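The block underneath contains the structure these notes are about, expressed in C-alpha cells.
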Amino acid sequence: MKKLNLTRPFAIFDLETTGVNVGKDKIVEISIIKINTDGSEEILEQRLNPEIPIPPEVTKIHGIGDEDVKNKPTFKAFAPQLLQFIGNADLGGYNSNKFDIPLLVEEFLRAEVEFDLKNRRFVDVQNIFHKMEPRTLKAAYKFYCNADLVNAHSALADAKATYEVLCAQIERYDGTEYEDRDGSLSTPIVNDIKALHDFSFHSRHADLAGHIIFNQKNQEVFNFGKHKGKCVEEVFASEPSYYDWMIKAEFPLYTKKVITAIKLRGFNKTSVNINS
C-alpha cells in the first residue's frame, strides 16, 4: 500500500451517530487513525453517551444502542483527550466534508471547546471517489483494494477501509487526467494533502455544512432556499428577519457563527458610512 507524503499528521476518521442532522444529532462512536509524518500510526476508538436516545432504526444500521453507551463518557468529558489526540493534524474521511467534520466541529462547539480549523486541510475520500468512480464505500473497497469490506458500519473498520482506499486512489490515478465541468483538464490526484484537499471540495464553503458558499467574486452566497445564489450580506441588509430566522432555526452552530460574523461585518460597514 502506497504511503502518504505528509508534512504534518493526517487524522482519518469515521463517526457513528444518532442520525444525520448536524444541527441536533450526536456522536455515539468515533474512531481515528492518525498517520504521523514518519509513517507511524496511532489509533483512537471511543464510544460516547450522546445524552439523547438512539433511534431504533439507526441502531439497526451501526449496531449501537442506548444500553451500549449509557456508561460511556459524554463528548464534553472526552473532548480534551480527543483534542489532544488530533493535535494539528489535517482531517480526512468518507463523506467527511459534508457530514463528519461539520458534526465533529458542532460537538466541540456544544462542549465549548475551541477546535481551530485555521490552516487545516480536509480530504474527503468520497468526493474523490465520486468524481473518479461514482460508487459506495463497500464498492470502492472492492474496486480499489480488490477485497470485500467486512464489519461495514463499524467505525474502525470503515476508517481503516477509507484509509486504504485513499492510498489506492493515489496509486491508481497517478498521472490520470480529470476534466471538470468547464472542460479544463488537470491531473489532480497526487500524493499531497493540499492537492487532495483542493480536489475533495465540490465548491468552496464558508461554513462546514455547505449552507453558505463562496461565489466567483469570493462573496459569501446562500446555497439553499429562496435566496440561493444571493449575497448573504446583501440579503441580511435588505431582509434582517432572514438572519433572525436562521439564528432561531435548527442550523448548525458553526453556520450560525459564520452568518453572525457576516452580519456584524455588514453592520460595521454601515456604521463607518454613517460616521464618515
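Every test in (1) in contact with a Ser or Thr (Cβ under 7 Å, 6 or more places away or on another chain); (2) under 30 Å from residue 175 (Cα atoms); (3) hydrophobic (A, V, I, L, M, F, W, C) is passed by residue 209 save one, and that test is (2).
From the residues in region 214-246 that are more than 21 Å from residue 269 (Cα to Cα) and of a type in the set (A, V, I, L, M, F, W, C), which one is nearest to the chain's Cα centre (by Cα)? Filtering region 214-246 for residues that are more than 21 Å from residue 269 (Cα to Cα) and of a type in the set (A, V, I, L, M, F, W, C), the one nearest to the chain's Cα centre (by Cα) comes out as 224. If you check 38, 68 for being over 24 Å from residue 256 (Cα atoms), part of a helix (DSSP H, G or I) and in the same structural domain as residue 168 (by TED's automatic domain parsing), only one passes: 68. Residue count for region 90-124 satisfying the condition of being surrounded by 21 or more Cβ atoms within 10 Å (Cβ to Cβ) and in a loop (DSSP other than H, G, I, E, B): 1.
Against the criterion of being buried (at least 19 other Cβ atoms within 10 Å of the Cβ) and either assigned by TED's automatic domain parsing to the domain that holds residue 93 or at pLDDT 95 or above (or both), residue 61 does not qualify.
The values are calculated or read from the model by the stated rules, or taken from the named source; none is laboratory data. For clarity, every value in this text was computed on a predicted model and none was experimentally measured. For neighbour counting, all protein chains shown are included, and Cβ atoms are generated from backbone atoms with ideal geometry for every residue, glycine included.
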